[in-house]
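Let me begin by presenting the structure, written as structure tokens, before commenting on it.
The values are calculated or read from the model by the stated rules, or taken from the named source; none is laboratory data. These figures come from a predicted structure and were not determined experimentally. Neighbour counts are summed over all protein chains in view; Cβ atoms, including those assigned to glycine, are modelled from backbone coordinates with ideal geometry. These accessible areas exclude ligands, DNA and RNA; they are computed on the full protein's heavy atoms, side chains included. Shrake-Rupley method; radii C 1.70, N 1.55, O 1.52, S 1.80 Å.
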Amino acid sequence: MEYNNIISEKEGYFQIITINRPKQLNALNKETIAELSDAFSKADNDKNVRVVIVTGSGEKAFVAGADIKEFYKFSVEEGKRLSAEGHQKLFDLVENLSKPVIAAINGFALGGGLELAMSCHIRVASENAKLGLPEVSLGVIPGYGGTQRLAQLVGKGKAFEMITTAQMISAQEAYQYHLVNYVTSPEELLNKAKDIATKISRNSPTAIASAIRSINAGYKAGVNGFEVEIEEFGKCFGTPDFIEGTTAFVEKRKPEFKGE
Ligand code: DAK
């Protein structure tokens, strides 16, 4: 697939995906969502990718939301269909990717932009970032998982406040509410994301994929996270990565995981 709205580059074990519509503050239109879906799927299937970093181009925005100029004409049916499609093609895909995804939030992360960041496993924000779910100010509600994931991350009370007031919060406030893991200067943002990615990439990709499935299981209705953990834990014992990790410990050397 040819990309017109994103840039997807490989850097060692990292896939760095940059949403590249700076003049529209990287707003997510249908085409951008389709391209992101394609890039994340490719990264998921590429054995040489161990961590994905997603960020926005320019200095102002990570993503300033879904593209209002595109969605303002949608009917009830289109809204419902596109919401379900978006969940499945992008937001759930990112959350359930077999490798960690880090959002490097370099400015506004609003509406669908914050929803994308919340689908990621880890979030780092630059100190100029502003985060919020302003949908009710437009007469809609968050439609890409925001009502669920925000409450999971910051708790129900703060989620009610952020969603119903439609106000943005600063990066520092987001850190205080556990919405982002770190706050950095704008210059340090990508380096911080890469530092985390480097630590991740030294570990077993198969065990990390199991950990992602287990953690996510606890947030899925009707799924018992503890049972999934037991299952995934057991599976680890049958992997070459497990043999490598434990043998390296006994032999007092660093493991070299192959992700098998
Ligand atoms: N969509 C389209 N264009 C956008 C945009 C957006 N979300 N945000 C900014 N832009 C465009 C502006 O229109 C402007 O374009 P021109 O007028 O120059 O052509 C350009 O980006 C620069 O923006 P500003 O001139 O406004 O820049 P400022 O620094 O003055 O203000 C701002 C920055 C972020 C405060 C402001 O741009 C703003 O309030 N933007 C809108 C924020 C927002 O409300 N975002 C949408 C949240 S609602 C759906 C599922 C989910 C959703 C929708 C549908 N379906 C399944 C159907 C989710 C909805 C949302 O995300």
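How many residues does the stretch 48-76 contain that are farther than 14 Å from VAL140 by Cβ, within 11 Å of the ligand (Cβ to nearest atom) and not in a loop (DSSP other than H, G, I, E, B)? The number of residues fulfilling the criteria is 4. Within the stretch 203-225, being surrounded by 13 or more Cβ atoms within 10 Å (Cβ to Cβ) and among the charged types (D, E, K, R) holds for one residue alone: ARG213. Taken over the stretch 77-92, the criterion of being more than 26 Å from MET168 (Cα to Cα) and in contact with a helix residue (DSSP H, G or I) (Cβ under 8 Å, 6 or more places away or on another chain) is satisfied by LYS89 alone. Take ASN26 and decide whether it is under 24 Å from ALA174 (Cα atoms), in contact with a Phe, Trp or Tyr (Cβ under 9 Å, 6 or more places away or on another chain) and in a loop (DSSP other than H, G, I, E, B). Spelling it out, ASN26 is indeed under 24 Å from ALA174 (Cα atoms), in contact with a Phe, Trp or Tyr (Cβ under 9 Å, 6 or more places away or on another chain) and in a loop (DSSP other than H, G, I, E, B). Just one of the listed residues (GLY107, GLY132, GLY112) is closer than 23 Å to LYS220 by Cβ, surrounded by 21 or more Cβ atoms within 10 Å (Cβ to Cβ) and either small (Gly, Ala, Ser) or within 14 Å of the ligand (Cβ to nearest atom) (or both), namely GLY112. Only one entry of ALA209, ALA117, ALA125, ALA197 meets the criterion of being in a strand (DSSP E or B) and under 26 Å from GLU11 (Cβ atoms), and that entry is ALA125. Number of residues in the stretch 205-231 that are at pLDDT 95 or above, charged (D, E, K, R) and under 20 Å from ASP92 (Cβ atoms): the value is 1.
In this structure, is GLU256 assigned to a loop (DSSP other than H, G, I, E, B), open to solvent by 90 Å² or more (accessible area, probe 1.4 Å), acidic (Asp, Glu) and over 20 Å from VAL94 (Cα atoms)?
Values: assigned to a loop (DSSP other than H, G, I, E, B): yes; open to solvent by 90 Å² or more (accessible area, probe 1.4 Å): yes; acidic (Asp, Glu): yes; over 20 Å from VAL94 (Cα atoms): yes.
In short, yes.
Out of everything in the stretch 1-30 that is of a type in the set (Ser, Thr, Tyr) and within 16 Å of SER57 (Cβ to Cβ), what residue ends up being nearest to the ligand (Cβ to nearest atom)? So, considering only residues that are of a type in the set (Ser, Thr, Tyr) and within 16 Å of SER57 (Cβ to Cβ), the one nearest to the ligand (Cβ to nearest atom) is THR18. Within the stretch 136-182, which residues are away from the ligand (no atom under 11 Å from the Cβ), touching a residue at least 12 places away in the same chain (Cβ under 8 Å), among the hydrophobic types (A, V, I, L, M, F, W, C) and open to solvent by 40 Å² or more (accessible area, probe 1.4 Å)? Hit for the stretch 136-182 is LEU153, nothing else. Summed over the stretch 70-97, the residues that are surrounded by fewer than 16 Cβ atoms within 10 Å (Cβ to Cβ) and of a type in the set (Ser, Thr, Tyr) give a count of 2. For the stretch 31-47, a tally of residues being more than 16 Å from the ligand (Cβ to nearest atom), farther than 18 Å from ALA193 by Cβ and not small (Gly, Ala, Ser) returns 7. Check the stretch 127-136 and report whether any residue there is in contact with a strand residue (DSSP E or B) (Cβ under 6 Å, 6 or more places away or on another chain) and under 26 Å from ARG50 (Cβ atoms). Scanning the stretch 127-136 turns up at least one residue that is in contact with a strand residue (DSSP E or B) (Cβ under 6 Å, 6 or more places away or on another chain) and under 26 Å from ARG50 (Cβ atoms). In the stretch 77-107, the residue that is farthest from SER8 (Cα to Cα) out of those that are in a helix (DSSP H, G or I) and among the charged types (D, E, K, R) is GLU77.
For PHE62, state whether it is aromatic (Phe, Trp, Tyr) and touching a residue at least 40 places away in the same chain (Cβ under 8 Å).
So PHE62 passes the test.
Among the residues of the stretch 227-245, which ones are part of a helix (DSSP H, G or I) and either farther than 16 Å from ALA207 by Cα or open to solvent by less than 60 Å² (accessible area, probe 1.4 Å) (or both)?
The answer is GLU227, VAL228, GLU232, GLY234, CYS236, ASP241, GLU244, GLY245.
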